[in-house]
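In what follows, a structure is listed as structure tokens, so that the remarks can point back to it.
Every read-out reported here was derived from the displayed coordinates using simple, explicitly stated rules and does not represent laboratory data. Quantities reported herein were computed from a predicted structural model and do not represent experimental measurements. Neighbour counts are summed over all protein chains in view; Cβ atoms, including those assigned to glycine, are modelled from backbone coordinates with ideal geometry.
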Amino acid sequence: MPVGHDAHRWSTFRGQRTLVVAARTVTSTVRALETLPSLLRDDSRVTVVFAYDPTSAFNAGVLDLLRDTGCRVMPWEQLGHTAPDLILSASENIDVPEGDCPVLVLPHGVGFQKLVPDSRSPHDRLSGVVKDSLLETGRAWLAVSHPAQEEQLLAAHPKAAGRTLLVGDPCFDELVGSRPHRETYREAMGVAEHQRLVMVSSTWGPTSLMASHPELLPRLLAQLPCDEYRVGAIVHPNVWSAHGAWQMRTLQAAALDAGLLLMPTVHAWRPALVAADVLIGDHGSVTLYGASAGTPLLLAAFGRDAVPGTAVHRLAAVAPRLDAHKDLRRQVEDVAREHTPQRYAAVAEHAFAESGHALARLRTAVYHLLKLPEPPSPPPSPLALPVPEPPASPVTSWQVSTGVTGDGEEPTVTVCRFPAAVSAYDAALPRSPVSFTHLACTDDERDHRLAESASVLIRRHPASTAVGALRWIEDTLARLPGSLLAASAVRGNCCLVGLRDGRTVEVTATGPAMDPGLPAAVVYACLRAGLRLNDTLVTLRIGDLRDEDVILHLRPARPTG
């Protein structure tokens, strides 16, 4: 829809009704953008335009989001001259102009679970509830996901009586319906089949997980071996909006260098939640979504701003707590082992009704308010969530522990790697009767101090030929004289490891292709332990998850001259 004075003169599509989406915060705008396409699919009778309300403390990023999505945006001041047939918003804190068109408010989380600062007074208010003045006009309708929310709303705001619509929760329906695509999401995020994905979720404000435990993310990365675990974070858009992406990335620089999967603020958190093996969260809606969908949960924070009697309070009563000062790996392993799929079923039943039918019920409500018959197409159903873009940068350096056990004929080498970027955060390297540690770096490590002090140097991308790999090894060892060995994969599941004394070990391994840092660690351990490097069968043990057979073979020396 063209925007501006006399806009109707320039329109191509002559809709019968105008629906205005009030966009005030990223969180609320995203919820509308995720919901509306399924409701209005292929219906030219409804013209949609977005009105940007700049009055929120969390308005940063809203205009960028709307423009990136291709939405037509009008200034908020023009809304009073537009005569819409329906105003829709997922933000309850909007000042709609006078008129008689209905106002439909969608939840941007799960119910009315949190007390938030009131922008119009020094007090707190119940999140999700529109002003009494709008309720008094009889124009406001509040979509809810469970009858218990209607009861809560009526107790807190009697003027909301008769102004609720029970529709369910489209977001929860999508999460549940997307479970069959879980492996696809994990693969897109770079999570290997044998790895466990730990997602950390934080709401916003002083009682949130991020505020309570600002060092939790790097500490998790320092205590969970990176060959066995991936760590990700879902941070409320209000945190990004209030502090800025630059500040966020600066505060989590070590974690990002260690491979943290920091999910973008828009859309990607949902497939990440489906992909998770363990969720560490607080009293935010994402935590409730994940637990209700069956994911093992550890509560790391729970603020006093959570509203008693709500589903999230019921969750807090039964979910185990994370002790951020104790062994994090053991707590993650314990909750994954002890979890049962139905552990939070009663909590989900108290939070979500009409499961699987939210979009259909919401479409009925929207068209009723627009005073239009519903389209003849079948009622919408939850779609599988889109595949996310890889949200992490590759790790470029590791603190590596190698333990050697068994006899010299068929030794076992256990390799445990932690990103060097978080080595200051309680990295506990395991020990064995014969244990060695070393620093390994890739050839794209940006910190020259790390590269110059690394014992093992690794080529990031495989060489196309053995000759190319050998040339890279020779040049690298000459350029960095402090290193002991250099390793390069060769296309075809083979790795060449060059030693400073001129020998070259060809390493082949069973199982899926592995990055050359693991074969290099095996050669390093055997060299330090004084084991044979020629025609030796070694069992490579990667933590507790898998064993692979590795064969070491000394290549003949290259002719010189």
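Miscellaneous remarks
- Packing, as the average of other Cβ atoms within 10 Å across residues, places the peptides 155-164, 227-236, 211-220 in the order 227-236, 211-220, 155-164, highest first.
- Whether the stretch 32-110 is rounded, prolate or oblate, judged on the alpha carbon gyration tensor where a/c under 1.5 counts as rounded: rounded
- Convex hull volume of the C-alpha atoms in the stretch 135-191, normalised per residue: 113 Å³.
- Spherically averaged projected area of the convex hull of Cα atoms, the stretch 215-325: 7.4 nm².
- Simple spin-label estimate for residue 243 and residue 549 gives 5.1 nm between the two label positions (7 Å along the Cα-to-Cβ direction from each Cα).
- Projecting label points 7 angstrom from Cα along Cα→Cβ for residue 64 and residue 345 puts them 4.4 nm apart.
- With 20 Å bins beginning at zero, the pair-distance distribution over Cα atoms of the chain amounts to 20, 44, 25, 11, 1 %.
- Rounded to the nearest 20, the size of the Cβ-charge dipole of the chain about its Cα centre is 400 debye, with Lys and Arg at +1 and Asp and Glu at -1.
- Computed log10 I(q)/I(0) for the stretch 400-501 at 0.09, 0.14, 0.16, 0.17 Å⁻¹: -0.26, -0.63, -0.80, -0.89, from the Debye equation with unit scatterers placed on every C-alpha and solvent omitted.
- Rg/Rh for the stretch 56-96 stands at 0.95; both radii use Cα atoms, and Rh follows the Kirkwood definition.
- Enclosing the Cα atoms of the stretch 227-277 in their convex hull gives a volume equal to 71 cubic angstrom per residue.
- In the chain, helices alone account for a calculated mean residue ellipticity at 222 nm of -8500 deg cm²/dmol, with every DSSP H run of four or more residues adding -39,500 (n - 2.57).
- Rg ratio (alpha-carbon, reference 2.2 N^0.38 Å) - the stretch 325-481: 1.80
- Semi-axes of the equivalent ellipsoid for the stretch 417-561, Cα gyration tensor, largest first, Å: 22, 20, 15
- Under 13 Å, Cβ to Cβ, from residue 422 - net charge with Lys/Arg +1 and Asp/Glu -1: -1
- Cross-link reach list, lysines versus residue 326, counting only Cα pairs under 21 Å and skipping chain neighbours closer than eight places: none
- Straight Cα distances below 16 angstrom link residue 159 to the lysines 131, with same-chain residues fewer than 8 positions distant left out.
- A Stokes-Einstein calculation at 4 °C with viscosity 1.567 mPa s, built on the Kirkwood radius of the stretch 95-169 over Cα pairs, returns a diffusion coefficient of 101 µm²/s.
- Structural size metrics of the stretch 442-517, computed from C-alpha coordinates, are Rg and Dmax of 11.8, 34 Å.
- Whole-Å semi-axes of the ellipsoid equivalent to the stretch 243-389 (Cα gyration tensor, √5λ, descending): 32, 21, 15
- Computed over the stretch 144-274, the convex hull of the alpha-carbon atoms projects to a mean area of 10.1 nm².
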